[in-house]
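Notes for the one structure printed next.
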């Protein structure tokens with residue numbers, strides 16, 4: 001018994017927080033709620049199913065309400081009653097019994113026995129992301145079902161699984177970006193323990209697992225903070241999603257989200273977090289919230305083993321990606337690089353509407369090939385440059401001093417598919433030869449690659465925007481979704497817009513689920529084998545070069561991109577990695593002198609049957625990519 005108890009304690013992971021329901025070692029539970037705009041708070045405790053709840057007054061301590069209840073224990077449900085009125089769930093709930101409007105459940109995280117204690121993480125440069133949505137990745141749409149596909153991802157060559165947000169959101173289905181209880185895993189995906197089992201199963205296969213988190217807003221339904229903690233929000237700024245969160249005036253608000261980040265890393269043992277749309281986080285404090293969060297991660301769980309933080313930031317703010325003298329990320333390991341996606345997309349599809357207009361040519365007269373070249377060698381395309389799409393607004397900061405692995409590149413992700421009216425994937429709007437060339441560039445370039453679920457077999461199933469909101473909000477969301485496309489000529493007619501799938505209908509969700517049997521199709525299997533081959537080359541040849549790799553030279557001649565990176569650090573012999581790519585519909589003359597002598601160069605990959613031979617003869621066929629090492 002003594003041995004079993006010691007084992008339980010040594011394998012337990014518990015992140016202690018100043019709020020929520022904390023199971024105490026001596027028995028009982030401490031409940032704590034920050035409710036600065038309330039005069040009275042009562043605990044509503046449900047000791048047994050089917051029995052009447054027990055109300056207990058909580059002690060007020062300035063802006064906090066607290067109660068230690070010796071009768072409460074793990075598994076019981078509870079709510080908070082505010083000023084003799086509405087009953088609300090715990091904003092720091094670890095688990096919801098039904099939905100965001102229902103009861104919170106007391107969880108004792110120390111009861112889960114972890115078995116991945118030997119997991120030491122992986123260096124950032126090892127990362128190849130596979131982004132997935134739990135609800136549509138498998139027919140079942142659960143954490144447990146995701147775990148059953150891990151061997152497939154391992155064999156494909158994936159080193160990091162990235163989950164779209166799982167924080168509890170209203171209804172039975174949704175993308176997760178409308179979450180309102182950021183500490184509670186979505187109940188339709190499974191239990192807290194199911195998620196923990198998924199995480200340790202990932203680690204057992206020597207892969208990392210990341211979580212997408214949303215700190216810029218709460219969803220439109222189920223957010224009760226306005227009732228008792230109006231200080232959470234500010235009228236000084238606005239967001240596209242509603243009231244802005246106040247990161248400047250309240251330490252409690254900053255701590256709430258910083259604890260959330262530490263909670264997922266400590267208690268769930270995630271390897272990293274991707275922070276959604278941080279450009280919507282407005283903070284003019286002396287220390288920006290993002291920097292404070294990163295510092296606490298690096299000084300906390302990041303000291304024990306590698307933990308990696310990634311941003312989505314439309315501002316292209318390179319200051320969050322700076323490195324120290326040893327080349328380590330001071331704050332965030334990388335940013336999702338929308339710039340490179342947009343350049344890829346214009347080349348793959350020929351589409352130039354909306355923000356893609358900025359990637360067909362800019363103020364300097366550069367075309368999509370030249371802009372892709374800039375993204376490959378410098379990271380951001382817009383580094384303080386004027387954006388025509390944004391009426392000449394200057395966008396971005398200088399990024400050419402940052403390493404290539406400070407940027408995450410992708411040909412598609414949940415946004416770039418789901419924000420299209422019909423959820424079109426890139427394989428359905430591009431030609432095979434073009435797409436193969438761009439995939440070969442993306443997966444073998446030094447930046448960190450990301451694949452969206454099903455991309456590896458050119459899945460044609462759409463990924464729509466979907467949600468499940470109450471009767472008052474659902475019609476507004478449906479109408480708003482369709483009106484978003486009214487400015488596009490093909491959707492100028494209201495009748496035509498009615499064909500856009502209704503995000504609130506269940507079928508929109510079910511139609512977005514991957515059809516795994518498609519993988520057996522010969523055409524899809526061909527794409528799968530290409531991705532698998534390229535990822536094998538990346539893991540075996542490219543990844544060892546990434547620490548210390550630097551740009552040596554590059555040029556663009558017409559539609560042909562030439563880039564050489566060189567690695568010569570860590571006591572290894574200098575190694576050059578060279579890309580030559582013709583991204584046009586016609587055969588192009590090439591500069592053979594760019595790589596000098598070809599005797600020592602080895603072909604790592606060549607698209608097309610005779611790509612390398614053509615290069616040596618001084619020409620390159622349309623949409624041909626060659627990677628060489630020397």
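So which residues in region 573-600 are within 25 Å of residue 378 (Cβ to Cβ) and at pLDDT below 90? Before you say what the answer is, go through the steps one by one.
Start the filter on region 573-600 by keeping residues that are within 25 Å of residue 378 (Cβ to Cβ), which leaves 574-584, 588, 590-591, 593-596.
Those that are within 25 Å of residue 378 (Cβ to Cβ) and at pLDDT below 90: 574, 575, 590, 591, 593, 594, 595, 596.
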Residue check for residue 407: crowded, with 19+ Cβ neighbours inside 10 Å, under 21 Å from the mean Cα position of the chain (by Cα), touching a residue at least 24 places away in the same chain (Cβ under 8 Å) and closer than 18 Å to residue 125 by Cβ:
yes
So residue 470 fits all but one of (1) surrounded by fewer than 20 Cβ atoms within 10 Å (Cβ to Cβ); (2) modelled with pLDDT of 95 or more; (3) under 22 Å from residue 165 (Cβ atoms); what number is the exception?
(2)
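Just to be sure, is residue 7 at pLDDT below 95 and part of a loop (DSSP other than H, G, I, E, B)? Even if it seems obvious, please write down each step before you answer.
Details: at pLDDT below 95: yes; part of a loop (DSSP other than H, G, I, E, B): no.
For residue 7, the condition - at pLDDT below 95 and part of a loop (DSSP other than H, G, I, E, B) - is not met.
Kindly evaluate residue 204 against the criterion of being buried (at least 21 other Cβ atoms within 10 Å of the Cβ) and either out of contact with any helix residue (DSSP H, G or I) (no Cβ under 6 Å at 6 or more places or on another chain) or farther than 23 Å from residue 164 by Cβ (or both). Outline the logic, then answer.
Working: buried (at least 21 other Cβ atoms within 10 Å of the Cβ): no; either out of contact with any helix residue (DSSP H, G or I) (no Cβ under 6 Å at 6 or more places or on another chain) or farther than 23 Å from residue 164 by Cβ (or both): yes.
No.
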State all residues of region 431-446 that are surrounded by fewer than 22 Cβ atoms within 10 Å (Cβ to Cβ) and assigned to a loop (DSSP other than H, G, I, E, B); if no residue qualifies, say none.
431
Determine which member of the set 144, 110 is touching a residue at least 24 places away in the same chain (Cβ under 8 Å), within 30 Å of residue 65 (Cβ to Cβ) and part of a helix (DSSP H, G or I).
110
Note: among 113, 82, just one is surrounded by fewer than 21 Cβ atoms within 10 Å (Cβ to Cβ), on the phi < 0 side of the Ramachandran plot and touching a helix residue (DSSP H, G or I) at 6+ places or on another chain (Cβ under 6 Å), namely 113
Please enumerate the residues belonging to region 397-430 that are in a loop (DSSP other than H, G, I, E, B) and within 24 Å of residue 465 (Cα to Cα).
411, 412, 413, 419, 420, 421, 422, 423, 424, 425, 429, 430
Restricting to region 147-174, give me the number of residues that are in a loop (DSSP other than H, G, I, E, B), in contact with a helix residue (DSSP H, G or I) (Cβ under 7 Å, 6 or more places away or on another chain) and surrounded by 20 or more Cβ atoms within 10 Å (Cβ to Cβ).
5
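Condition (residue is in a loop (DSSP other than H, G, I, E, B), touching a strand residue (DSSP E or B) at 6+ places or on another chain (Cβ under 6 Å) and either at pLDDT 95 or above or in the same structural domain as residue 288 (by TED's automatic domain parsing) (or both)) applied to region 187-196: is it met by at least one residue?
Step one: list which residues in region 187-196 are in a loop (DSSP other than H, G, I, E, B), which gives 190-191.
So of that shortlist, the ones also touching a strand residue (DSSP E or B) at 6+ places or on another chain (Cβ under 6 Å) come out as none.
Checked region 187-196: no residue is in a loop (DSSP other than H, G, I, E, B), touching a strand residue (DSSP E or B) at 6+ places or on another chain (Cβ under 6 Å) and either at pLDDT 95 or above or in the same structural domain as residue 288 (by TED's automatic domain parsing) (or both).
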Contacts under 9 angstrom Cβ, first residue in region 368-385 being on the phi > 0 side of the Ramachandran plot, partner part of a helix (DSSP H, G or I), 6 or more apart:
379/318; 379/321; 379/339; 379/340; 379/404; 379/406
Does residue 56 qualify as being in contact with a strand residue (DSSP E or B) (Cβ under 7 Å, 6 or more places away or on another chain), surrounded by 14 or more Cβ atoms within 10 Å (Cβ to Cβ) and over 24 Å from residue 25 (Cβ atoms)?
no
For a quick check of your reading: which helices (runs of 4 or more DSSP H) sit entirely within region 470-574 and have at least 2 residues that are within 30 Å of residue 589 (Cα to Cα) and touching a residue at least 24 places away in the same chain (Cβ under 8 Å)?
522-537
Taking the condition at pLDDT 95 or above, touching a helix residue (DSSP H, G or I) at 6+ places or on another chain (Cβ under 6 Å), closer than 30 Å to residue 126 by Cα and in a helix (DSSP H, G or I), does residue 294 pass?
no
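Looking at this structure, is residue 211 surrounded by 20 or more Cβ atoms within 10 Å (Cβ to Cβ), touching a strand residue (DSSP E or B) at 6+ places or on another chain (Cβ under 8 Å) and not in a strand (DSSP E or B)?
On the way: surrounded by 20 or more Cβ atoms within 10 Å (Cβ to Cβ): yes; touching a strand residue (DSSP E or B) at 6+ places or on another chain (Cβ under 8 Å): yes; not in a strand (DSSP E or B): no.
No.
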Residues that are closer than 26 Å to residue 267 by Cα and surrounded by fewer than 18 Cβ atoms within 10 Å (Cβ to Cβ): does region 337-354 have at least one?
no
Going residue by residue through region 276-286, is there one that turns out to be outside the structural domain of residue 36 (by TED's automatic domain parsing), over 22 Å from residue 36 (Cβ atoms) and in contact with a helix residue (DSSP H, G or I) (Cβ under 8 Å, 6 or more places away or on another chain)?
yes
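Can residue 258 be described as more than 30 Å from residue 201 (Cβ to Cβ) and in contact (Cβ under 8 Å) with a residue 24 or more places away in the chain? Steps first, answer last, please.
On the way: more than 30 Å from residue 201 (Cβ to Cβ): no; in contact (Cβ under 8 Å) with a residue 24 or more places away in the chain: yes.
No, not satisfied.
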Could you check, for region 76-85, whether at least one of its residues is outside any loop (DSSP other than H, G, I, E, B), over 24 Å from the mean Cα position of the chain (by Cα) and farther than 19 Å from residue 34 by Cβ?
yes
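Scan region 89-101 for residues that are farther than 18 Å from residue 22 by Cα and at pLDDT 95 or above and jot them down. Walk me through how you get there before you give the answer.
Let us first name the residues in region 89-101 that are farther than 18 Å from residue 22 by Cα, namely 98-101.
Those that are farther than 18 Å from residue 22 by Cα and at pLDDT 95 or above: 100, 101.
A quick yes/no check of all residues on (1) over 12 Å from residue 414 (Cα atoms); (2) within 15 Å of the chain's Cα centre (by Cα):
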site: 136; (1), (2): no, no
site: 141; (1), (2): yes, no
site: 147; (1), (2): yes, no
site: 159; (1), (2): yes, yes
site: 171; (1), (2): yes, no
site: 177; (1), (2): no, yes
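For every residue, the table says whether it meets (1) farther than 25 Å from residue 135 by Cα; (2) in a helix (DSSP H, G or I); (3) more than 19 Å from the chain's Cα centre (by Cα); (4) modelled with pLDDT of 95 or more.
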| position | (1), (2), (3), (4) |
| --- | --- |
| 203 | no, yes, no, yes |
| 244 | yes, no, yes, no |
| 254 | yes, yes, yes, yes |
| 258 | yes, yes, no, yes |
| 264 | no, yes, no, yes |
Do we have any residue at all in region 389-403 that's farther than 27 Å from residue 484 by Cα, in contact (Cβ under 8 Å) with a residue 60 or more places away in the chain, surrounded by 23 or more Cβ atoms within 10 Å (Cβ to Cβ) and touching a helix residue (DSSP H, G or I) at 6+ places or on another chain (Cβ under 6 Å)?
yes
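The values are calculated or read from the model by the stated rules, or taken from the named source; none is laboratory data. Bear in mind the structure is a predicted one, so any value in this text is a computation, not a measurement. Cβ atoms come from the backbone with ideal geometry, glycine included; neighbour counts cover every protein chain shown.
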